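Note sheet for the following structure.
The values are calculated or read from the model by the stated rules, or taken from the named source; none is laboratory data. Here the structure is a predicted model, which means the values were calculated and not measured. Virtual Cβ from ideal backbone geometry, glycine too; neighbours counted across all protein chains shown. Each accessible area value is taken on the protein alone, full model and side chains, heavy atoms only, with ligands, DNA and RNA left out. Shrake-Rupley method; radii C 1.70, N 1.55, O 1.52, S 1.80 Å.
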Amino acid sequence: MTRIADTYLLADPASREAVIIDPVVGWADRDAELVRDLGVTLKYGLNTHVHADHVTGTGKLKTLLAGMQSVIFEPACKADVHVAHGDRVQFGSRWLEVRHTPGHTPGCVTFVLDDQSMAFTGDALLIRGCGRTDFQGGSAPTLFDSVHSQILSLPDACLLFPAHDYKGRTVTSVSEEKAKNPRLTKSKEEFVHIMDHLGLERPKLIDIAVPANLECGVYDIPADAPKSDGSVATVAAAAAAK
């Protein structure tokens, strides 16, 4: 099974309040079960950006876990809470700082834990890479500036958790990416040249994922949709078969 996205659950041990970052619709039942099993209260479902390769699970999680609120930066999206750069998303005594990191999309954000020990970078910074900049309002120069000013400016020991890694890696650090990222260790001019010549295909699921994610993932999910993977492709296939 291909891992299409990484989802993160954080909880404050004292209050038992929790947040989930970048949930996927196909895994919403699993995530809700984990929340119940851990005995935490899911306060917020956060999206780092409008994903083009999968449908967010925030909409379905709202139906499974009473009281959860959806959170996103992008003002065009439907959400319970729209955040801005510098805002704090509070859960118990802990909080995540919202850092606007556009470039992959105009509405991308990175969520930084209060003690700066970890950050959740979405697609802005990947392990030894970064998100593409040739669609959804992307901009290579903007992404270069965002990553260097808002992510790689964090302490070297800060752990970075991206929204994707197709090689099975789960975490990197500021020091690693400052030293080893083959794109972001280049000059800005070299970076822009690299990003402008990637020659990538158009995302296959963009026409399904983006409209659904603009609705915060609230759409008609077929009851018989396969639950064995988290991709929007299985949901779309089930819908087409009905």
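List of remarks:
- Positive end of the dipole of the chain (Cβ unit charges, origin at the Cα centre): among Phe191, Ile208, Thr172, the Cα lying farthest that way belongs to Thr172.
- Assigned charges on the beta-carbon of Lys, Arg, Asp, Glu; the chain dipole about Cα centre (debye): 220 debye
- Of all accessible heavy-atom area on the chain, the percent that carbon and sulfur account for (1.4 Å): 54 percent
- Dipole magnitude of segment 1-142, debye to nearest 20 (Cβ charges: Lys/Arg +1, Asp/Glu -1, about Cα centre): 100 debye
- Per residue value of the accessible surface for segment 2-111 (all protein chains in place, 1.4 Å probe), Å²: 38 Å²
- Debye, to nearest 20: dipole size of segment 7-58, +1 on Lys, Arg Cβ, -1 on Asp, Glu Cβ: 120 debye
- Note on semi-axes √(5λ) of the Cα gyration tensor in Å: of the candidates (1) 31, 23, 15; (2) 27, 23, 15; (3) 42, 22, 16, the value calculated from this structure sits at (2).
- 222 nm mean residue ellipticity, helices alone, for the chain (DSSP H n ≥ 4; -39,500 (n - 2.57); rounded to 500): -7000 deg cm²/dmol
- Dipole axis of the chain (+1 Lys, Arg; -1 Asp, Glu on Cβ), positive-most option in Leu34, Gln116, Gly137: Leu34
- Per-pair calculated FRET efficiency, R0 = 22 Å: Leu214 and Asp29 via Cβ, rounded to 0.05: 0.45
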